[in-house]
Amino acid sequence: MILNGLRQARKSVDVAMFYLSDKELTDALCFLAQQRGVTVRVLTDKRMDTPAQRPTLNRLAQHGVSVHILPMTGTALMHLKCAVIDGEIVFAGTANWTPTAFAQNFEDTLMIHSRELGRLYSTHLESLLAKADNFYSELSGTPAKERIRFPEINRPVHSKSADRFQPPGIRTVRDIRQAEVYFHPSREGIHRLLSQARAATQRIDIGMYLVNDPEVVQTLMDIAQEGQVQIRMLVDAGMLAGSLLACVQQLGEAGIEIHYYQKDRESLHLKTAIIDGRYVWTGTANWTTGALDLNFEDMLFFESPEMARLYSSFLDGIQKFCKPFTPAMAGQAATVAAPSPEPGPSGYLTGLPPTGPRSNFNNLLTDPVFPAFDVQAVVSYLPNEEYLPVLLNLIGNAHQSILITMFVMSETKEEAAAQERVLRALEQAAARGVYVYLLLQMPTSVQDRLHESHSNWAEKLRAKGIDVRLNLPHIHLHAKMVVVDLAKVLIGSHNWSEGALSGKRVYESSALLVLPEQDIRFADYVLSRQTISDMRSKEHWEQEIALLRQVVTMRPAERAAFLQKQVGDTTAP
C-alpha cells in the first residue's frame, strides 16, 4: 500500500519517521529523488543518527533525499510515523517503516486521500523541519553509482503462520463522516478522546502498547467503576513490568477486561480506541505522560461505523492470541521472607538454599580452573535489541532452572522498561517453582558503583525467591551468560543495564545456543565460581566482603594471625 502511494508521487514526498530501515521503502524514496526528480525530504529522530542506523541515512542522502535530524532534549522523541505525498495523500498510523513493524508486530497504517489533512500535516512538518539539523552524509560529494529501480508492488504472498493471527490486509473505508488530527506535545487530542469515552453508552475497545498517564488511567477507572460501559483493553506484555504493572493492576481492579500479548520478537504496537462502534482513534501516541507532554506525536480521530467495525474485528482476532490478565488481590504483592527450599511443581527443590558465615578461607585468590569443552548446538546471532525478547522468552518458558552470571546489572534513576521486564520475568519464574541463580560481579573497591547497586539488587531479589550470589571482590567476573534448563544458553557481551538491554544506548552482540540435550557442564561452571558465603542479609554479606578485601592484601603471616583473631581459623588463603 505504501509503495503504491509513493509511486503516485509527482512533485513532493515529505516523511517523518522515528525508525526507517525497510529496504524497499528506502529504495522507493531514493528512486523518486534520483530518477524522477521528486523533492523528497525525510525527518527523523536523533536515534537514527547512530552507527547502526546511519547507513540508511547515508544511502538516502547519496541518492538526493534531503535528510534532517530533529534535535530533542532529555527523553523526548520525534515519534511520528507519517508521510505526505503531493500534499494530497497522507500515510499515518503506528508502524515505523521497518521489517519488524510490517512482518511481526500488530500495527496499523492508514492511507488517507484528503487535501485538508494533507495541508495540516504539511504545515506541521514544515514547522518541525525549520527546527531540524541537516544530515551531512559520510558520502557527500560521492555520486551514487547504482541505478535504483522502483520496487515491485505486487510481491508474492508468503505462506501464513498458523500460530499467529493474520491481519485482514488492505481494506478501503469510504464512509468517513468526520476526520481530525491532533499533534503533540499537547493535551488537546487526549482530552477530546477522554470526553468521548466519558460520554460512551455501550462499549470501549482499546489496543494499546503503553499506558501510564494518570489522567487517562483515572478516567478509564472511573468509567469502569460506574458499570454502565464495558471496557476491553489489549496490551503488550511490556505493560506487565515495573511501574507499568501497577497501572494494569489498577485498571483490572476497576473492572476493565484486560488481555496481554506476549511473543518472542513481536509486539502489540497499536494505539487504538473504538468507542460505541462509531468513533476510532489511532496514531503514534501511547497513552503515556511522555508521549502526550514531551514527544512529537499525532493522534487521529475518525467518525466512521465502518472503520469501527474493521478495528473491532482486528482486536477480536488479536485477543485469541492473548492471555487474560488477572489482577492480584489486595496485599498479595507484599514482600515476604525468602522461601526455604522445598519441592516445587517441577519436582526440583526451589527457594533459597541456607547460607552462613564463612568457615573456609583457603584458596581465595583464584577461581577453580574450568577447562574448555565442546558442544553441538543450533546457534542464533543476537545483536543489540534482538537479545531482550529472546531472553524474556527463555525465562518465561523455563521449567527447571535459570543459571546466570552477570558482570553489570546497573541501577538507574530513570525509567528502565527493558530491565524491569527482565526482573519481573525472573520473579515470575521463581514464583512458579523454577530455581533462579544469579551471580553478580562484586568490584574490588567500595567506591565502584557496582558495589552498591549489586548489593541492593541482591537484597531486593533474594526477597523475591531468587538465589542471588555475589562474586568474591578480588576475582574479576566478566561473564554474561544465561543457562536455561541446562539446554539453552545465551552468551555474549550483553550486560543487564538498560542501555544494553534496550539496544538504544549501547551496541552489543550475543548468541543463543540451543543444545540437543541437557549439558550439566554449564551448571558445573556457573556453580563452581567462588561466591560470598554469608547471604543471610545485606549486613552479613557486606561484613564478609569487607573482611575479604582486607584479608587478601595481607602477607601470609599477617593473614594467619588476623584470621585466628577474627574468626578462629588459622589456615591462610
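The values are calculated or read from the model by the stated rules, or taken from the named source; none is laboratory data. No experiment lies behind these values; they were computed from the predicted model shown. Heads up, the Cβs are rebuilt from the backbone with ideal geometry, glycines too, and the neighbour counts pull from every protein chain shown.
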Given the structure, is Thr123 free of Cβ contacts under 8 Å to residues at least 40 places away in the same chain and assigned to a loop (DSSP other than H, G, I, E, B)?
no
Of (1) touching a residue at least 40 places away in the same chain (Cβ under 8 Å); (2) out of contact with any helix residue (DSSP H, G or I) (no Cβ under 7 Å at 6 or more places or on another chain), Leu426 satisfies every one except (2)
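May I ask you to list the residues in the range 206-236 that are under 21 Å from Ala95 (Cβ atoms) and surrounded by fewer than 21 Cβ atoms within 10 Å (Cβ to Cβ)? Even if it seems obvious, please write down each step before you answer.
Step one: list which residues in the range 206-236 are under 21 Å from Ala95 (Cβ atoms), which gives 206-211, 233-236.
Listed by number, the residues that qualify are Met208, Leu210.
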Checking the condition at pLDDT below 90, in contact with a Phe, Trp or Tyr (Cβ under 9 Å, 6 or more places away or on another chain) and surrounded by 18 or more Cβ atoms within 10 Å (Cβ to Cβ), which residue from Leu501, Leu563 passes?
Leu563
Are any residues in the range 429-450 assigned to a helix (DSSP H, G or I) and free of Cβ contacts under 8 Å to residues at least 60 places away in the same chain, and if so, which ones?
Ala429, Ala431, Arg449, Leu450
Can you name the residue in the range 274-298 that is of a type in the set (Asp, Glu) and outside any loop (DSSP other than H, G, I, E, B) and, of all such residues, is surrounded by the most Cβ atoms within 10 Å (Cβ to Cβ)?
Asp298
From (1) among the aromatic types (Phe, Trp, Tyr); (2) over 27 Å from Pro168 (Cβ atoms); (3) touching a strand residue (DSSP E or B) at 6+ places or on another chain (Cβ under 9 Å), pick out the condition that doesn't hold for Trp97.
(2)
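Table: residues versus (1) touching a Lys or Arg at 6+ places or on another chain (Cβ under 9 Å); (2) under 24 Å from His124 (Cβ atoms); (3) surrounded by fewer than 20 Cβ atoms within 10 Å (Cβ to Cβ).
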{"residue": "Gln8", "(1), (2), (3)": "no, yes, yes"}
{"residue": "Met48", "(1), (2), (3)": "yes, yes, no"}
{"residue": "Leu80", "(1), (2), (3)": "no, yes, no"}
{"residue": "Ala95", "(1), (2), (3)": "yes, yes, no"}
Would you confirm whether or not the range 295-317 contains a residue that is out of contact with any Cys (no Cβ under 8 Å at 6 or more places or on another chain) and farther than 30 Å from Glu116 by Cα?
yes
Note on Arg119: of the conditions (1) at pLDDT 95 or above; (2) surrounded by 15 or more Cβ atoms within 10 Å (Cβ to Cβ); (3) not hydroxyl-bearing (Ser, Thr, Tyr), unmet is (2)
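So that you can scan it fast, the table gives a plain yes or no per residue for (1) touching a residue at least 24 places away in the same chain (Cβ under 8 Å); (2) assigned to a loop (DSSP other than H, G, I, E, B):
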| residue | (1), (2) |
| --- | --- |
| Ile475 | yes, yes |
| His478 | yes, yes |
| Ile491 | no, no |
| Trp496 | yes, yes |
| Leu513 | yes, no |
| Asp524 | yes, no |
| Ile545 | yes, no |
| Gln550 | no, no |
Taking Ser21 as the residue in question, decide whether it is in contact with a strand residue (DSSP E or B) (Cβ under 6 Å, 6 or more places away or on another chain) and over 25 Å from Val280 (Cβ atoms).
no
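Of all residues being touching a helix residue (DSSP H, G or I) at 6+ places or on another chain (Cβ under 9 Å) and within 21 Å of Met535 (Cα to Cα) in the range 359-375, which is surrounded by the most Cβ atoms within 10 Å (Cβ to Cβ)? Just the residue, please. Lay out the reasoning, then the answer.
Looking only at the range 359-375, we keep the residues that are touching a helix residue (DSSP H, G or I) at 6+ places or on another chain (Cβ under 9 Å), and these are 361, 364, 370, 373, 375.
Applying the additional criterion that residues be within 21 Å of Met535 (Cα to Cα) yields 361, 364.
Working: Phe361: 21, Leu364: 18.
Top of the filtered list is Phe361.
Going by what's in this entry, would Gly87 be described as at positive phi, out of contact with any Lys or Arg (no Cβ under 9 Å at 6 or more places or on another chain) and outside the structural domain of Pro389 (by TED's automatic domain parsing)? It would help to see each step written out before you state the result.
Numbers: at positive phi: yes; out of contact with any Lys or Arg (no Cβ under 9 Å at 6 or more places or on another chain): no; outside the structural domain of Pro389 (by TED's automatic domain parsing): yes.
The answer is no for Gly87.
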Give me the strands (runs of 3 or more DSSP E) completely within the range 187-262, filtered to those with at least 2 residues that are more than 17 Å from Gly277 (Cα to Cα) and in contact (Cβ under 8 Å) with a residue 60 or more places away in the chain, ordered by residue number.
257-261
If you check Val484 against the conditions, is it under 17 Å from Leu394 (Cβ atoms), in contact with a strand residue (DSSP E or B) (Cβ under 7 Å, 6 or more places away or on another chain), surrounded by fewer than 18 Cβ atoms within 10 Å (Cβ to Cβ) and not assigned by TED's automatic domain parsing to the domain that holds Asp45?
no
Inspect the range 455-473 for any residue being under 20 Å from Glu508 (Cα atoms) and assigned to a loop (DSSP other than H, G, I, E, B) and give the result as yes or no.
no
Could you list, in sequence order, the residues of the range 388-418 that are modelled with pLDDT under 90 and more than 21 Å from Leu210 (Cα to Cα)?
Ser410, Glu411
Of (1) assigned to a helix (DSSP H, G or I); (2) at pLDDT below 85; (3) among the hydrophobic types (A, V, I, L, M, F, W, C); (4) within 21 Å of the chain's Cα centre (by Cα), Val506 satisfies all except one. Which?
(1)
Taking the range 221-267 on its own, how many of its residues are under 25 Å from Ala199 (Cβ atoms) and polar (S, T, N, Q)?
4
Report whether or not Gln166 is at pLDDT 85 or above and not small (Gly, Ala, Ser).
no
Looking at (1) closer than 29 Å to Phe325 by Cβ; (2) surrounded by fewer than 18 Cβ atoms within 10 Å (Cβ to Cβ); (3) out of contact with any strand residue (DSSP E or B) (no Cβ under 9 Å at 6 or more places or on another chain), which one does Lys460 not meet, given that it meets all the others?
(3)
